[in-house]
1. Per residue of region 61-69, what does 6.51 cos²θ - 1.76 cosθ + 1.60 with θ = phi - 60° give for ³J(HN,Hα)? Whole Hz please, x for Gly and Pro, Karplus curve as stated.
2. Provide 80, 12, 27 in ascending order of the number of other Cβ atoms located within 10 Å of each residue's Cβ, fewest first.
Amino acid sequence: MNIFAFDNCTNDLLAHCAAIRFLKGKDYTDGNDRLSNFKQAAQRLQITPNLVWAVYFGKHIDAIFSHVRNGQVESEPIKDRIADAINYLLLYWAICVEAEAPDTADTADTAVPDDRQAWLFPPDTFNA
């Protein structure tokens, strides 16, 4: 795969990740806190949100390894599993950021851009 094809492929993947986050994220949040699912499960189980994340993330990694071994995944397409795994890494990034600076984790701009693709990859991002 040449460099341009790879860049297009990965840009498509990141856009797919964002679409999945947008669609699935609503089901796993209390409306405002994107990490509430991890926090609530942690509280119920009396463990840390990090451990809850590790269990959820492990499920996607197990499916990817199953695809590596068997060439197939039963429940959903491998590309969706890969996108989910990337999104779980992003969620863990947010868990770590919040743990490092809990007072600033909720101060980011709350505006959601209309054009998510442009937000992900602003014009001339790759022409610098």
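1. So the J values, rounded to whole Hz, are 5, 4, 5, 5, 5, 4, 5, 4, 6.
2. 27, 12, 80
Values in this text are rule-based calculations from the coordinates and carry no lab data. What you see is a predicted model, and the numbers here were worked out from it, not measured in a lab. All Cβ positions, glycine included, derive from the backbone under ideal geometry; neighbour counts span all protein chains shown.
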